[in-house]
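> Please find one structure pasted underneath; my questions will follow.
The values are calculated or read from the model by the stated rules, or taken from the named source; none is laboratory data. Since this is a predicted model, take the numbers as computed values, not measurements. Reconstructed Cβ throughout: ideal geometry from the backbone, glycine too, with neighbour counts over all protein chains shown. Just so you know, the surface numbers come from the protein's heavy atoms only, side chains and all, with ligands and any DNA or RNA stripped out. Shrake-Rupley method; radii C 1.70, N 1.55, O 1.52, S 1.80 Å.
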Amino acid sequence: MCFCLLLQLGGSPSGSPGEGARAVPLAGHVGFDSMPDQLVNKSVNHGFCFNILCIGETGLGKSTLMDTLFNTKFEGEPTQHNQPGVQLKSNTYELQESNVRLMLTVVNTVGFGDQINKEDSYKSIVEFIDTQFEAYLQEELKIKRTLHSYHDTRIHACLYFIAPTGHSLKSLDLVTMKKLDSKVNIIPIIAKSDAISKSELTKFKIKITSELVSNGVLIYQFPIDDETVAEINSTMNAHLPFAVVGSTEEVKIGNKMVKARQYPWGTVQVENENHCDFVKLREMLIRVNMEDLREQTHTRHYELYRRCKLEEMGFKDTDPDCKPFSLQETYEAKRNEFMGELQKKEEEMRQMFVQRVKEKEAELKEAEKELHEKFDRLKKLHQDEKKKLEDKKKSLDDELNGFKQKKTAAELLQSQALQAGGSTTLKRDKERKK
């Protein structure tokens, strides 16, 4: 056994690993060849997580297929299909096989395709995927990060269930897959494939593949760069989309019990590759490429979201001259830009405040002027009314004085008359006596 040691002999600090290094033989066993075992032990102790998004119309057997894939019965509440839009329902389960723990999250699209107007059916799905990316990005940007214990909710695989019409893809399927192909690993599958014949199924697969290519929809391709799985993955890529049948019912075939669906005309065995592609899907999704799906989600889809988001925030790797731009320089440039915008907004607000104060002062002056004019009008009106009342009072006083004079004269005349009447009576009495 030969051991080699790489020694750095200078060179640029930003150079690629191994640049400027030379191989040095080891005299004996050191022990770092156990690092793969250390990594495996650490991963097994920590456990794994895998998140699946199931998209498809109501009644295509999404829940049944999940139960069949993981050989269990996922308990869940029955979903209502009378919602005005598409609702995403997420359930997380902890599974264990041998000594390996798996935190499995299954996300179902409740009500997908149930609406009369299906134009916006994909929007809630896109928003859900972006929300999971945003949550991971926010955790990454924290000063004190806990990514080692963070429950990753990013979608690693999207099983897109296609109705077995035997004709072509629906416009809803094409639009949805086109909107999602840059955000998630799409694996198209023909659900309930036992509903159409083998010849129709073959033509249907060819038609689906042709429509996906012509519309520029990028589905997940099983990797062929790893020699250990290159052959099987290359073969399975040619079988896409998988035609599957799901069932949790066991039927006795010969001397053993198998998962199958019974019909009046015969029995469809779920794990019989002559009947459907369920085994191929399980092999590719779980046993062979689960880690690649997780890696593609992180290195491709999440990185694309992260790059776009950081560019929106103003962060760049290079300046306008294509020179390296450090995070500190980006921060300073962004801070200066922000401070400039803040000062500009502050000046605009000050000018706006001054303008509003002037407008308010003008309004108050105008209101004050109107009040003065109104006061003057009321004062003049009051003076006119007062003068009229005084004139009326004077006339009444004059009338009263005249009335008093007439009264006095009348009383005087009356007294004189009484006196005259009295003297006449006395004369008459004297004459009578005489």
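> Kindly give Rg over Rh for segment 292-433, based on alpha-carbon atoms, with the Kirkwood expression for the hydrodynamic radius.
Numbers: Rg = 52.1 Å, Rh = 27.1 Å.
Using only Cα positions, Rg/Rh for segment 292-433 is 1.93.
> Turning to a different aspect of this structure: Students sometimes get this wrong: rank S214, S121, S415 by accessible area, probe 1.4 Å, all chains present, largest first.
If we order S214, S121, S415 from most to least accessible, we get S214, S415, S121.
> Right, something else. Using DSSP, restrict attention to beta bridges with both residues in the chain and report what percent are antiparallel, rounded to the nearest 5.
60 percent
> Using the Kirkwood radius built from alpha carbon pairs, what does the Stokes-Einstein equation give as D for segment 31-124 at 25 °C and 0.890 mPa s, in µm² per second?
Estimated diffusion coefficient is 156 µm²/s.
> Given segment 122-180, what whole percent of its Cα pairs are spread farther than 14 Å?
Across segment 122-180, Cα pairs with separations above 14 Å total 66 percent.
> Please find, in a Gaussian network model of the chain (springs between Cα atoms separated by less than 10 Å), the residue of D67, D37, D277 whose mean-square fluctuation is greatest.
D37
> Sticking with this one: Run through every distinct alpha carbon pair of the chain and return the Kirkwood hydrodynamic radius in angstroms, one decimal place. All intermediate terms of the calculation are to be shown ahead of the outcome.
Details: mean 1/r = 0.0324 Å⁻¹.
Hydrodynamic radius (Kirkwood, Cα only) of the chain equals 30.8 Å.
> Give the carbon-plus-sulfur fraction of the accessible surface of the chain in %, rounded to a whole number; probe 1.4 Å, heavy atoms of protein chains only.
54 percent
> If you don't mind, there's one more thing I want to ask. For the chain, modelled as a Gaussian network with Cα springs under 10 Å, which listed residue fluctuates most, A163, A417, A191?
So, out of A163, A417, A191, the one fluctuating most is A417.
> Work out the P(r) tail for segment 169-273: percent of alpha carbon pairs separated by more than 19 Å, whole number.
That fraction is 56 percent.
> With just the Cα atoms of segment 46-190, tell me how far they stretch along each of the three principal axes, in Å, largest first.
Computed over the Cα atoms, the extents are 49, 36, 26 Å.
> Mind listing which trypsin sites (Lys or Arg not before Pro) in segment 35-74 are in a DSSP loop and have 14 or fewer other Cβ atoms within 10 Å? Kindly include the intermediate steps, with their values, before the conclusion.
On the way: sites: K42, K62, K73; in loops: K73.
Answer in residue order: K73.
> With a 1.4 Å probe and all protein chains left in place, how much accessible area per residue does the chain have, in Å²?
On a per-residue basis, 69 Å².
> What's the FRET efficiency of D33 with K345 using the Cβ-Cβ distance as r and R₀ = 56 Å, to the nearest 0.05?
E between D33 and K345, to the nearest 0.05, is 0.35.
> Tell me what the chain gives for mean residue ellipticity at 222 nm when only DSSP H runs of n ≥ 4 count, each as -39,500 (n - 2.57), the sum divided by the residue total, rounded to 500 deg cm²/dmol.
Value at 222 nm, helices only, nearest 500: -16500 deg cm²/dmol.
> Shifting gears a bit: Starting from the residue with the highest accessible area, list H151, H29 in decreasing order, probe 1.4 Å.
H29, H151
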